[in-house]
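Reviewing the structure listed below.
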C-alpha cells in the first residue's frame, strides 16, 4: 500500500505501507506491476491528485478508482459555496504567485496549500499586494477526526498552529487586481523602456489570437510582456532574448506573475536560438527582425502558424511591406497620440507610428 505517511497512519496498514518517495515518483509503484497494489491519495485522485499521473502510464484495465469527495467539495459544503462559481487552485505544489491573476474584489478562491506554515505566508502575500482586507477561512484536515475551521483577515492573520493537510478559502477584498484582457499597464512589468506599449500590445495580442494551451515564440522579447500576456490568456510561451539585462527583467516578470510553468526564457539570438524548440502555434517578432530571420521562419514553421511582426523604423517597415507583398497577410499602420502638457494647457503627443504585419504561414 502506497501513500503519504499520514495516509498510511490513518489506514493503519503497518508494515504493508510504503511511503511515496520525495520528490514524488511512481517508480516504486510501477515496479510492483502485476501485483495487488493500493495507492492511498487524498479525496478525488483526479483533481490535483495522483490519479492522473497513474492513469497516464497504466492502461485502463490495470487499475480501479475508488473516489471520495475532494477537499474542494468538502470546503464548499462547509461554506455553502457553489463550486461552479469558485476558483480552485492547487498551490500545494506551486508558487503563491499563481493566485495573482485570480485576485479581484468579490472573487472566491479555494486554495490547497503546502503545509501548516503556508497559510501565514499566503496571508502575507495577499496583504503585500493590497488584498489585506480579504477574509481567509483556514480548513485543516477536512473530512477526518482532526478537522478544524478558523477564520481571519489576511492583514490580521495570527494563526501559527495550523495542521496539514490544509485548504484556505478566500473572499477577496481590497485592490482592483489584474485586468482580464491584454494591454495591461506598462507599469505592471519590469522593463528598461524596451516594451511593447499597452495599446500596441492589446492590438498585437488580438492579431496573435491566443487560445488555451497554444505555444508562442516571442522573438526579441524585451520585457517579455507579449509572451506573459499570452500566458495569462491560457497559452504557453518561449521568450527569446539575447540581452542579459533584459533577460533579468523577463525572469522577474515570470516570477511576479507565477508563470514559470508556462513561460520559459531562452537566452539567445534568433534564428540560432530557435534550433530544437517545439513548434509554435504563433510567432511574434518584436525586435531584431531582418530579411534573413523572416525567410528562415517562413521556411521551417509548420503551415498554419500565425506570424505577427511590429516595425517602428523605416527600414523594418519596408521589410514588412515586402514580406506582405511576397507572402500575403495584412498590414496595419497604428498611429496613437496621448495627452501631454503643452505650456499651461494640454495637447496631443504623438507616438512613433507602428506598422504591423500579420500572416498565416
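Going by a ≥ b ≥ c, the root eigenvalues of the Cα gyration tensor, does region 106-205 fall in the rounded group (a/c under 1.5), the prolate group (a/b larger than b/c) or the oblate group?
Details: a/c = 2.89, a/b = 2.68, b/c = 1.08.
Note, shape of region 106-205 comes out prolate.
Out of all DSSP beta bridges in the chain, what portion is antiparallel? Express it as a percent rounded to 5. All intermediate terms of the calculation are to be shown ahead of the outcome.
Details: 35 of 60 bridges.
Antiparallel bridges: around 60 percent, rounded to the nearest 5.
Please give the FRET efficiency for residue 164 paired with residue 30, using the beta carbon to beta carbon distance and R0 = 25 Å, rounded to the nearest 0.05.
Working: r = 27 Å, r/R0 = 1.08.
Efficiency at R0 = 25 Å is approximately 0.40.
Using only the Cα atoms, what convex hull volume per residue in Å³ does region 186-360 have?
Enclosed volume per residue, from the Cα hull, is 118 Å³.
Is the shape of region 154-290 rounded, prolate or oblate, going by the alpha carbon gyration tensor and its root eigenvalues a ≥ b ≥ c, with a/c under 1.5 for rounded and a/b larger than b/c for prolate?
Numbers: a/c = 2.03, a/b = 1.83, b/c = 1.11.
Since a/c reaches 1.5 and a/b is larger than b/c, the shape of region 154-290 is classed as prolate.
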task: Provide 6, 148, 246 in ascending order of the number of other Cβ atoms located within 10 Å of each residue's Cβ, fewest first.
output: 148, 6, 246
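Quick one: in region 32-171, what % of C-alpha pairs are over 26 Å apart?
Working: 2713 of 9730 pairs.
Summing the P(r) of region 32-171 above 26 Å gives 28 percent of all pairs.
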- prompt: What ranking do 217, 298 get, fewest neighbouring Cβ atoms within 10 angstrom at the top?
  reply: 298, 217
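Report the calculated FRET efficiency for residue 340 and residue 312 (r = Cβ-Cβ distance, R0 = 22 Å), to the nearest 0.05. Don't skip to the end; give the middle numbers.
On the way: r = 19 Å, r/R0 = 0.87.
Efficiency at R0 = 22 Å is approximately 0.70.
Find the all-direction average of the projected area of the Cα convex hull for the chain, expressing the result in square nanometres with one decimal place.
Values: hull surface 94.6 nm².
Directional mean of the projected Cα hull area for the chain stands at 23.7 nm².
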- prompt: What's the center-to-center distance, using Cα atoms, between region 197-235 and region 284-342 in Å?
  reply: 15
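I need the calculated FRET efficiency for the pair residue 78 and residue 104, taking r as the beta carbon distance and R₀ as 41 Å, to the nearest 0.05.
Details: r = 23 Å, r/R0 = 0.57.
The formula returns an efficiency of 0.95 here.
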query: Remind me, relative contact order of the chain in percent, using alpha carbon pairs under 8 angstrom and six or more residues apart?
result: 10
Helix 198-208 vs. the chain, principal-axis angle (Cα, 0 to 90°, nearest 10): 80
message: What is the distance in Å between the Cα centroid of region 146-186 and that of region 6-45?
response: 32
Nearest-ten-degree value, helix 291-300 long axis tilted from longest Cα axis of the chain: 50
query: Cα axis of helix 244-257 to longest principal axis of the chain: angle in degrees, 0 to 90, nearest 10?
result: 40
- line: Mean-square fluctuation maximum in Gaussian network of the chain, Cα pairs under 10 Å, restricted to 248, 62, 19, hits 62
query: Sorting 181, 196, 87 on the 10 Å Cβ count, fewest up front, what's the list?
result: 181, 87, 196
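Each reported figure results from applying straightforward, stated rules to the coordinates on display, with no laboratory input. Only a predicted model underlies this, so the values are computations on that prediction, with no experimental measurement involved. Note: ideal-geometry Cβ built from the backbone for every residue, glycine included; neighbour counts use all protein chains shown.
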